[in-house]
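Written below as structure tokens is the structure these notes are about.
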Amino acid sequence: MSHVTLAPTDTLAAMSNPEGAPPSSRAAGARASIPLAAPVFAFGVSFGALAEAAGIQPLLAIAMSATTFAGSAQFAATSILTEGGGAAAALIAGILLNTRYMPIGISLSPALDGPTWKRFLHAQLAVDESWAIAHTGGGRFDKGLLIGAGLTLYLSWIVGTSLGVVAGGFLGDPARLGLDAAFPALFLVLVAPRLRECDARWAALGGAAIALTLVPLAPAGIPILVAVIPPLLIARFSWLRH
């Protein structure tokens with residue numbers, strides 16, 4: 001596989017040159033995402049290797065990363081298929097894990113202006129990491145930061161997946177290389193700077209406690225859904241106090 005087309009030129013141009021997002025803002029988003037690009041790349045390699053081991057055709061695995069761009073959902077769906085589960089179970093797991101993007105999308109909506117098709121393309125770049133980078137405080141988000149960070153992470157994810165499906169046979173078990181630790185480490189990097197406030201610490205502890213309790217007991221996706229309850233309640237009480 002010598003070449004993979006990630007997206008049409010005009011599509012990438014629309015995603016990377018949104019109106020109202022100054023180049024300096026996009027560049028700042030790209031710079032802020034560079035420390036996160038390495039674990040995203042490693043996670044992409046791990047997914048590509050898993051997809052190759054599961055017998056998924058390389059182009060299909062790359063297309064899945066290009067259109068889904070959601071590591072946890074892709075891993076869950078592929079793992080279910082690898083273990084002999086059906087397509088319906090894999091689809092449901094992926095949907096459950098991606099339901100967290102509904103509140104993310106709602107929070108970003110005021111910042112994403114322009115025609116519907118362009119808002120759709122920009123929303124494709126909204127993942128946990130780019131969303132965190134785009135947050136400027138007070139519930140406000142910067143579209144340029146989102147685009148710059150999102151494109152950097154998107155390309156890292158696609159390139160990592162491509163390498164994983166091509167070289168998966170040579171890499172062997174991703175866990176042996178420590179690639180399975182890339183995703184948790186990435187989220188710790190995102191959370192750590194936000195734990196200076198008491199409310200944030202309680203929200204993180206509550207969510208972590210619920211997730212750790214439910215992971216061994218509940219189906220994939222359910223722990224994440226339930227774990228958002230403490231942060232939402234704390235955010236609500238914090239808003240009412242102020």
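HN-Hα J couplings of the stretch 229-234 from phi, Karplus 6.51/-1.76/1.60, θ = phi - 60°, integer Hz, Gly and Pro as x?
Here the 3J(HN,Hα) series is 4, x, x, 5, 5, 5 Hz.
List the residues whose amide H sits under 5 Å from the amide H of PHE141, counting only those 5 or more places along or on another chain, with H placed 1.01 Å from N in the peptide plane.
THR136
Read phi for every residue in the stretch 24-35 and hand back ³J(HN,Hα) as whole Hz from Karplus 6.51 cos²θ - 1.76 cosθ + 1.60, θ = phi - 60°, with x for Gly and Pro.
3J(HN,Hα) across the stretch 24-35, in whole Hz: 4, 5, 5, 5, 5, x, 5, 5, 5, 8, 4, x.
What list of ³J(HN,Hα) values in whole Hz, one per residue of the stretch 150-159 in order, does the Karplus curve 6.51 cos²θ - 1.76 cosθ + 1.60 (θ = phi - 60°) give from phi, with Gly and Pro shown as x?
For the stretch 150-159, the Karplus curve yields x, 5, 4, 6, 4, 5, 4, 5, 5, 5 Hz.
Using a 10 Å cut-off on Cβ atoms, rank the peptides 44-53, 110-119 from the highest mean neighbour count down.
On the way: 44-53: 25.1, 110-119: 14.1.
Output ranking for 44-53, 110-119: 44-53, 110-119.
Just subtract the alpha-carbon distance of SER109 and VAL215 from 0.36 nm times their residue separation and send over the number in nm, one decimal.
Working: separation 106, 0.36 × 106 = 38.16 nm, distance 3.10 nm.
Full extension of this stretch gives 35.1 nm more.
Taken together, the values in this text are just the output of simple stated rules run on the coordinates, not laboratory data. Owing to the predicted nature of the structure, the values given are computational and were not obtained by experimental measurement. Glycine also receives a Cβ, built like all others from the backbone with ideal geometry; neighbour counts cover every protein chain displayed.
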